[in-house]
Amino acid sequence: MIKVENLKKSFGENDVLKNINAIVSPREVVVVIGPSGSGKSTFLRCINQLETITGGHIFIEGLDTTDKKVNINKVRTEVGMVFQHFNLFPHKTVLENIMLAPIKVRRISKEQASQRGMELLKKVGLAEKANAYPDSLSGGQKQRVAIARALAMEPKIMLFDEPTSALDPEMVGEVLEVMKQLAKEGMTMVVVTHEMGFAKEVGDRVIFMDEGYIIEENIPSEIFNNPQQERTKAFLSKVL
Amino acid sequence: MSFRWDIIFEYAPFLLKGTLLTIGLSVSSILIGTFLGLLIGLGKIMKNKVLAFPFYSYVTVFRGTPLLVQIFLIHFGIVPFFTGETNAVTAGVIALSLNAAAYIAEIFRAGIQSIDKGQMEGARSLGMTHIQTMIHVVLPQAFKRMIPPLGNEFIVLLKDSSLLCVIAAPELMYWGKAMGSQYFKVWEPYLACAFIYLFLTLILSFVLNRLERRLKTE
C-alpha cells in the first residue's frame with residue numbers, strides 16, 4: 001500500500017532522514033517509535049509530502065507520488081493525517097471543520113457532507129458538539145474531531161503524528177480508543193507515538209528509528225521482549 | 001472678539017459638500033487601497049525572491065516618501081503625463097489609494113504570517129490546494145486579526161485626505177481654508193473642520209468595533 005524507497009530528507013545541512021526503506025501493507029497498523037529528533041515525525045510528513053523530500057521515492061498503491069507529474073493534492077485525499085496539535089480551523093464549527101474538505105475537494109453537496117459529518121461525529125462520540133467551536137473543546141475532544149475530519153475524506157491510509165502527545169494524561173485514553181476502533185475496522189495506519197501500550201496492543205509491526213535510520217523493525221512482542229539492537233534496548237529501557 | 005457662529009452657518013452648505021467629498025474620497029481610496037494592498041501583501045510573501053522584489057520595492061517607495069510629495073508628483077506629474085490634463089479629485093484618489101496600499105500590504109502580510117502554519121498543513125493534508133486553503137482557512141482568520149490595524153489605517157487615510165486641499169480638491173479642509181481666508185478667521189473654520197473630522201472618525205471606529213465583535217468566535 002505504501003512503499004518507501006531510499007527516502008532522504010535534509011533541512012539545509014542537517015540530514016534528518018538518511019536512507020529509509022519501508023513497506024506498509026493494506027490493513028496493517030505500523031507504529032513508529034524512537035527518541036526525539038530521530039526523524040520519525042519527518043518520516044511521516046514525507047509520506048504525504050508535507051515535507052518536500054530530498055531524495056528517494058514514495059509509492060502509494062503503486063503510484064510514485066514523488067513524480068513531478070503526480071498531483072499531490074489528489075494523493076493527499078487518500079491519505080488522512082492527524083497532528084499533534086490538532087490543527088482544527090478555529091473560525092469554523094466542529095461540523096464545518098469536517099465538511100469543508102469534502103465540499104471543496106470531493107465536491108459533494110452540503111447536505112451529504114453534513115449527514116456524513118454527523119455520522120462521523122457520532123462515531124467519535126461528539127455528535128452533541130457539532131455546532132460548538134473548537135476553542136470550547138478539551139484536547140481529547142479536539143483530537144477526536146480532527147480524526148473525524150480526516151476520515152470525512154474517506155482516506156485509504158491514516159497517518160497519526162504523535163496524536164496524544166499534547167493531551168492531558170486523562171484524555172489520552174479516549175483518543176486511543178477511537179484509534180483502536182479504526183484499526184479494528186481495517187484501516188491502514190502509520191502511527192508515530194510514545195504510547196508503548198498502544199504499540200503493543202494495536203500495532204501489527206513496530207519500527208524503531210534513531211538518527212535518521214530505521215534501526216530495527218519487528219512484531220511488537222519481539223521488539224519489546226527481545227530487541228536485537230543495542231540502541232533499541234537502550235531506548236526501551238528508558239521508556240518502559 | 002466673539003466667536004462668529006454666523007459665518008459657520010453661512011458656510012454650512014460648503015462644509016457639507018466638502019464633507020461628502022471627503023467621505024467619497026476616503027471610501028473609494030479605502031476600497032482601492034485594500035484591494036491593491038491584498039495583492040501587494042500576497043506578492044511580498046511569495047517564496048520566489050525575484051517575483052516578490054517589485055512588491056518589496058513598492059512598499060519601500062510608498063512608505064518611505066511623504067504623502068504630500070506623492071500627491072504633488074501624481075497631480076502635477078503622473079496624471080498629466082498620461083492624460084494631458086489633471087484633475088484634483090482623480091489625482092487625490094490615486095495618491096491616497098497607492099499610499100494606503102503600501103501600509104495595508106504590510107497589514108495583510110503580517111496578518112497572514114501570524115496564522116499558525118499548522119492551519120495550512122491541516123488543510124493541505126486533506127487535499128485542499130494552496131489557494132483553497134488561503135481563501136477558506138488562512139484569510140478568514142487573518143482578516144479578523146487585521147481589523148484593528150486596518151481600522152487605524154482607514155482613520156489615518158480619512159484624516160490624510162485633508163492634505164488634498166493643497167491641490168484644490170474641494171473636500172472639507174479646502175472649504176475650511178476658503179472660509180478662513182474670506183473672513184480672516186482661524187478658530188471658526190478650523191474648529192468646525194476638526195469637529196467634523198472627529199465625528200467621521202468616531203463613526204468609522206464604531207463600525208469597525210461592531211465588525212470585530214461580530215466576527216468573534218468563543
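Only one of the numbered conditions (1) out of contact with any Gly (no Cβ under 7 Å at 6 or more places or on another chain); (2) touching a residue at least 24 places away in the same chain (Cβ under 8 Å) is violated by residue A:231, and that is (2). Residue A:155 fulfils the conditions (1) buried (at least 17 other Cβ atoms within 10 Å of the Cβ); (2) free of Cβ contacts under 8 Å to residues at least 60 places away in the same chain; (3) within 19 Å of residue A:80 (Cβ to Cβ) except for a single criterion, (2).
For segment B:89-107, residues that are more than 15 Å from residue B:41 (Cα to Cα) and surrounded by fewer than 20 Cβ atoms within 10 Å (Cβ to Cβ) total 3. If you scan segment B:44-66, which residues turn out to be surrounded by 19 or more Cβ atoms within 10 Å (Cβ to Cβ) and either closer than 30 Å to residue B:175 by Cβ or in contact with a Phe, Trp or Tyr (Cβ under 6 Å, 6 or more places away or on another chain) (or both)? Selection gives B:44, B:62.
Scan A:195, A:185, A:177 and give me the residue that is acidic (Asp, Glu), in contact with a Leu (Cβ under 7 Å, 6 or more places away or on another chain) and open to solvent by 10 Å² or more (accessible area, probe 1.4 Å). Before you say what the answer is, go through the steps one by one.
Numbers: A:185 fails: in contact with a Leu (Cβ under 7 Å, 6 or more places away or on another chain); A:177 fails: in contact with a Leu (Cβ under 7 Å, 6 or more places away or on another chain).
Within the list A:195, A:185, A:177, the selection yields A:195.
Under the condition of being among the aromatic types (Phe, Trp, Tyr) and in contact (Cβ under 8 Å) with a residue 60 or more places away in the chain, which residue from segment B:156-196 is nearest to residue B:28 (Cα to Cα)? Break it down into steps so the answer makes sense when it comes.
First pass over segment B:156-196, keeping only residues among the aromatic types (Phe, Trp, Tyr): B:174-175, B:183-184, B:187, B:190, B:195.
Of the ones still in play, those that are also in contact (Cβ under 8 Å) with a residue 60 or more places away in the chain are B:174-175, B:183, B:187.
Values: B:174: 19, B:175: 21, B:183: 33, B:187: 30 Å.
Of everything passing the filter in segment B:156-196, B:174 is nearest to residue B:28 (Cα to Cα).
Please work out which residue is nearest to the other protein chains (Cβ to nearest Cβ), limiting yourself to segment B:109-131 and to residues that are polar (S, T, N, Q) and crowded, with 19+ Cβ neighbours inside 10 Å.
Filtering segment B:109-131 down to residues polar (S, T, N, Q) leaves B:113-114, B:119, B:125, B:129.
Then keep just the ones that are crowded, with 19+ Cβ neighbours inside 10 Å; that gives B:119, B:125.
Details: B:119: 6, B:125: 4 Å.
Filtering segment B:109-131 for residues that are polar (S, T, N, Q) and crowded, with 19+ Cβ neighbours inside 10 Å, the one nearest to the other protein chains (Cβ to nearest Cβ) comes out as B:125.
Filtered by the rule that a residue be open to solvent by less than 20 Å² (accessible area, probe 1.4 Å) and either under 30 Å from residue B:199 (Cα atoms) or away from every other protein chain (no Cβ under 14 Å) (or both), segment B:132-152 gives B:142, B:146, B:147, B:150, B:151. For residue A:109, the criteria (1) modelled with pLDDT of 95 or more; (2) closer than 24 Å to residue A:223 by Cβ hold in every case but one, which is (2).
Matching residues to (1) within 14 Å of chain B (Cβ to nearest Cβ); (2) touching a helix residue (DSSP H, G or I) at 6+ places or on another chain (Cβ under 8 Å); (3) buried (at least 16 other Cβ atoms within 10 Å of the Cβ):
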site	(1), (2), (3)
A:4	no, yes, yes
A:8	no, no, yes
A:21	no, no, no
A:36	no, no, no
A:39	no, no, yes
A:50	yes, yes, yes
A:57	no, no, no
A:75	yes, no, yes
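For the criterion of being more than 16 Å from residue B:104 (Cβ to Cβ) and within 23 Å of the chain's Cα centre (by Cα), residue B:73 passes. Taking residues in segment A:167-182 that are in contact (Cβ under 8 Å) with a residue 40 or more places away in the chain, and partners anywhere that are of a type in the set (D, E, K, R), the pairs with Cβ atoms closer than 6 Å and at least 6 places apart or on different chains are A:178/A:144. On the stretch given as segment A:76-102, residues that are within 12 Å of the chain's Cα centre (by Cα) and among the hydrophobic types (A, V, I, L, M, F, W, C) total 5. Of the helices (runs of 4 or more DSSP H) entirely within segment A:134-240, those holding at least 3 residues that are among the hydrophobic types (A, V, I, L, M, F, W, C) occupy A:139-151, A:169-184, A:196-202, A:230-239.
The values are calculated or read from the model by the stated rules, or taken from the named source; none is laboratory data. Please read these numbers as outputs of a predicted model, since none were measured by experiment. Note: ideal-geometry Cβ built from the backbone for every residue, glycine included; neighbour counts use all protein chains shown. For the accessible areas, the whole protein counts, side chains as well, though only heavy atoms, and no ligand, DNA or RNA atoms are used. Shrake-Rupley method; radii C 1.70, N 1.55, O 1.52, S 1.80 Å.
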